[in-house]
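Here is the structure we will look at, set down as structure tokens.
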Amino acid sequence: MLAATGLTAKEFAPGSTATSMLAAQQLGVQADQIAKSLLFVGKDGRFFMVVSPGDRRISSSKLKAATGVKSRMASADETLAATGFGPGAVCPFGVDGTISVFIDRSLSAYDMIYPSAGTDSSGVPMTFKVLVAITGAAWGILSPRRQKNSCDREASVTAAAILSLQAHGSKVARRG
């Protein structure tokens, strides 16, 4: 499938891209540029694949809204049986046509994203548009909104407190 699309996988040592963080380190990119592929099983027995940024979780309510059925994460055995790929190596293209694929739209924020090529040691650089085209996937928002990390929240609170104190005539000591 890759050759037909003109794409080339980047290969690394076995096991070196099994998680989004490891893949990001190997590829020299941010974890949210890793297009992780997760398999879910609906209560009706159907499989759904969700491709999302590597640093995000999937919203169960948004997945239910997209699929019409409550779902759970597939087990490692179910993932291998349904896709032919083990966890950490799930590739979003070339899967059985009975698996509906959904892509989280937040991946479109990046010029380049990196889904797995079907091993725990690979990544395929491509654009969001190419991923949608080769998977035939539906896309939408399937992950919760990104929360500011605690350092960002703390800095915002601290900055607001300083401005408030200054507005009320208090002097604020600054750390050097």
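Would you mind working out the magnitude of the charge dipole of the stretch 2-145 relative to its Cα centre, with +1 at each Lys and Arg C-beta and -1 at each Asp and Glu C-beta, to the nearest 20 Debye?
Details: 13 positive and 10 negative charges, 120 e Å.
About 580 debye.
Under 8 Å for C-alpha pairs, at least 6 residues apart: give me the relative contact order for the stretch 53-121, rounded to a whole percent.
Details: 47 pairs, mean separation 20.8, N = 69.
With pairs under 8 Å counted, the relative contact order is 30 percent.
When the expected Rg is taken as 2.2 N^0.38 Å, what fraction or multiple of it is the alpha-carbon Rg of the stretch 38-116? Mind dumping the intermediate values first?
Values: Rg = 12.2 Å, N = 79, 2.2 N^0.38 = 11.6 Å.
Dividing the Cα Rg of the stretch 38-116 by 2.2 N^0.38 Å gives 1.05.
Modelling each spin label as a point 7 Å along the Cα-to-Cβ direction, I'd like the S61/R105 distance in nm, to one decimal.
Computed distance between label sites S61 and R105 equals 1.7 nm.
Can you give the extra length, in nm with one decimal, that the chain gains between K10 and M112 once fully stretched, where that is 0.36 nm per residue apart less the Cα-Cα distance? Intermediate values should be presented prior to the final figure.
Working: separation 102, 0.36 × 102 = 36.72 nm, distance 1.34 nm.
Full extension of this stretch gives 35.4 nm more.
I need the Kirkwood Rh of the stretch 3-45: take the reciprocal of the average 1/r across all distinct C-alpha pairs and report it in angstrom.
With all distinct Cα pairs of the stretch 3-45 included, I get 12.4 Å.
Arrange the peptides 42-49, 81-88, 31-38 so that the one whose residues have, on average, the most other Cβ atoms within 10 Å appears first.
With the highest mean Cβ count within 10 Å placed first, the list reads 31-38, 81-88, 42-49.
Can you say what percent of the DSSP beta bridges in the stretch 2-145, counting only those with both residues inside, are antiparallel? Round to 5. Provide the component values of the computation, followed by the final result.
Values: 13 of 22 bridges.
Taking every DSSP beta bridge with both residues in the stretch 2-145, the antiparallel ones total about 60 percent.
Since every read-out is calculated from the coordinates, none of them should be taken as a lab result. Bear in mind that the values here come from a model prediction, so they are computed numbers and not experimental data. Glycine gets a Cβ as well: all are built from the backbone with ideal geometry, and neighbour counts include every protein chain shown.
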